[in-house]
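The values are calculated or read from the model by the stated rules, or taken from the named source; none is laboratory data. Treat the numbers as computed from the prediction; the structure is a model and nothing was measured. Every residue, glycine as well, gets a Cβ built from its backbone with ideal geometry; the counts of neighbours run over all protein chains shown.
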Amino acid sequence: METSNPEEVLAPTRDEHSTDEMSAEEPSVVEAGNVIDRGDHSISRRSIPENVLKVLYRLHRSGYRAYLCGGSVRDLIMGRTPKDFDVVTDAHPGDVRRLFRNSRIIGRRFRLVHIIFQDQVVEVATFRREPDRNAPPPDSEVEEDFLITDDNTFGSPLQDARRRDFTINAMFYNIADFSVIDYVGGLEDIAEGRVRVIGDPDVRFREDPVRMMRAIEFASRLGFEIEAETYQGILRHRNEILKASAPRVSEEILELLRRGWSRGAIRLMVDTGLLEPLLPEIYNSIKGERAPYFWKMLEVLDRTVQAGRKISDAVLLSVLVMPWVVDEIEREEAKRRGGDEPDEASRMRIGEVIVFIRELIQPLCARLALAAGTRHQMEQALETFWRLLEPPSDRRAQFRAVYRDPFNDALALLELFALSSGRYVDVFRQWQAFAVRVKRAQEEVEGTVKKRRRRRKRN
Ligand code: ATP
Ligand code: MG
């Protein structure tokens with residue numbers, strides 16, 4: 001049995017620190033979440049970094065509520081290592097700022113506090129609620145405009161849980177008594193392996209269509225199913241993904257690829273019909289059985305990333321557009337030969353391929369609002385990839401290729417392509433062996449230079 005100091009315990013039903021806005025408007029809400037005592041859940045303080053505990057304890061000792069929230073609680077319950085540990089409190093940003101010298105307030109739309117430690121930043125937010133949907137945003141002309149434009153309203157813990165996206169992402173870990181507080185049935189959904197949107201999917205997906213992508217991402221990442229109502233909601237609102245902000249959408253796409261759960265997620269994006277409006281070019285090149293190698297390529301990519309190898313964003317995005325670019329180049333070559341068998345004369349020369357790829361991907365990059373630098377690196381990776389497919393016969397040209405900036409990106413792309421399609425495997429091996437030889441030679445030269453310098457110093 002646990003005996004806890006009553007002064008230490010802040011049950012979620014008590015509301016000493018609730019904000020004025022909240023108590024004025026919703027006095028009758030009984031905030032009775034499901035509280036799971038410290039002995040009945042698997043979260044241990046040992047899995048929480050020292051700095052995060054420091055932040056939680058200082059808030060708590062200063063009389064505020066201090067909860068760990070969001071993805072970290074989900075991951076700790078599931079025995080996974082969280083990416084980051086977010087803290088939520090009833091202290092307002094200014095109060096938090098005053099409590100921690102090493103902190104600063106960030107964000108304009110919603111103000112958060114970053115507490116900066118040597119090797120870590122802990123983000124502290126104040127409980128907030130969803131904005132009032134009946135009050136239209138001041139400059140909105142569209143009726144029924146559900147998109148959230150202002151969510152800078154403080155709230156209670158219950159409201160804060162309810163404004164989150166999925167039940168599995170809305171649990172709290174209370175530092176006052178080490179309990180888990182679950183207002184939305186997240187624990188049960190974790191146990192059952194379900195991604196379930198909080199509230200009405202029709203409302204929540206219209207408010208923020210990126211949530212549809214996030215549902216898919218969590219299902220793929222955790223190996224969960226998407227709960228039926230949530231799934232139906234995505235089917236109904238899939239076209240609204242086009243209303244989401246382009247940088248957020250591209251960031252979500254990049255995250256799938258960067259973190260190694262792209263295959264399952266893109267499969268689900270095809271199945272739910274989300275990919276078709278979002279990236280119709282790519283959808284058309286991979287739908288049905290059109291590009292079996294693409295799925296293998298994502299599988300190899302996911303494994304590579306999960307094994308800890310760093311793959312640049314340019315390569316990740318190039319993998320995504322690869323089937324489409326291959327299709328378009330083949331179509332162009334077929335057009336040139338007017339239905340004849342493939343021959344040398346109809347092949348595009350590398351100079352033509354370069355111009356062709358740039359013109360092809362430009363509109364897609366613009367639509368996704370990719371940074372100019374990322375687009376440039378992507379063009380370079382793809383162009384160099386096509387260069388590598390026909391290795392120059394003379395050594396000097398080979399050397400020049402290896403020393404060019406995008407060589408590593410193009411080689412990574414060729415590796416993924418060759419391993420999954422079975423095409424150009426020999427070409428890849430040749431380049432790989434050549435690059436290893438060049439690198440070794442380079443290291444030897446650098447080694448001798450260093451040794452010589454050292455000798456000179458001694459003299
Ligand atoms: P990860 O492990 O990838 O960081 P996460 O669950 O922590 O996953 P974040 O994107 O870091 O996800 O967001 C933190 C938390 O904020 C989420 O767990 C969720 O509670 C809430 N959240 C994030 N995005 C949304 C959204 N679009 N709508 C509602 N709540 C959201
Ligand atoms: Mg997170």
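Quick look at the values:
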{"item": "Index of the failed condition, residue 75 passing every other in (1) in contact (Cβ under 8 Å) with a residue 60 or more places away in the chain; (2) within 13 Å of ligand 1 (Cβ to nearest atom); (3) in a helix (DSSP H, G or I)", "result": "(1)"}
{"item": "Lone unmet requirement of (1) closer than 15 Å to residue 171 by Cα; (2) at pLDDT 60 or above for residue 12", "result": "(2)"}
{"item": "Unmet criterion (only one of (1) closer than 21 Å to residue 312 by Cα; (2) crowded, with 22+ Cβ neighbours inside 10 Å; (3) more than 12 Å from ligand 1 (Cβ to nearest atom)) for residue 264", "result": "(2)"}
{"item": "Selection status of residue 215, closer than 23 Å to residue 84 by Cα, within 16 Å of ligand 2 (Cβ to nearest atom) and among the small types (Gly, Ala, Ser)", "result": "yes"}
{"item": "Which listed residue, of 90, 150, is more than 13 Å from ligand 1 (Cβ to nearest atom), modelled with pLDDT of 95 or more, of a type in the set (Asp, Glu) and at negative phi", "result": "90"}
{"item": "Which numbered condition residue 113 misses (of (1) within 30 Å of residue 306 (Cα to Cα); (2) modelled with pLDDT of 95 or more; (3) within 16 Å of ligand 1 (Cβ to nearest atom))", "result": "(1)"}
{"item": "Residue that is farthest from ligand 1 (Cβ to nearest atom) [pool: residues in the range 54-72 that are part of a loop (DSSP other than H, G, I, E, B) and closer than 13 Å to residue 124 by Cβ]", "result": "62"}
{"item": "Positions within the range 74-91 being within 20 Å of residue 224 (Cβ to Cβ) and not hydrophobic (A, V, I, L, M, F, W, C), in sequence order", "result": "74, 75, 79, 80, 81, 82, 83"}
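For (1) farther than 25 Å from residue 158 by Cβ; (2) within 16 Å of ligand 2 (Cβ to nearest atom); (3) in the same structural domain as residue 167 (by TED's automatic domain parsing); (4) surrounded by 13 or more Cβ atoms within 10 Å (Cβ to Cβ), each residue gets a yes or a no:
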position	(1), (2), (3), (4)
60	no, no, yes, yes
89	no, no, yes, yes
94	no, no, yes, no
97	yes, no, yes, yes
109	no, no, yes, no
120	yes, yes, yes, yes
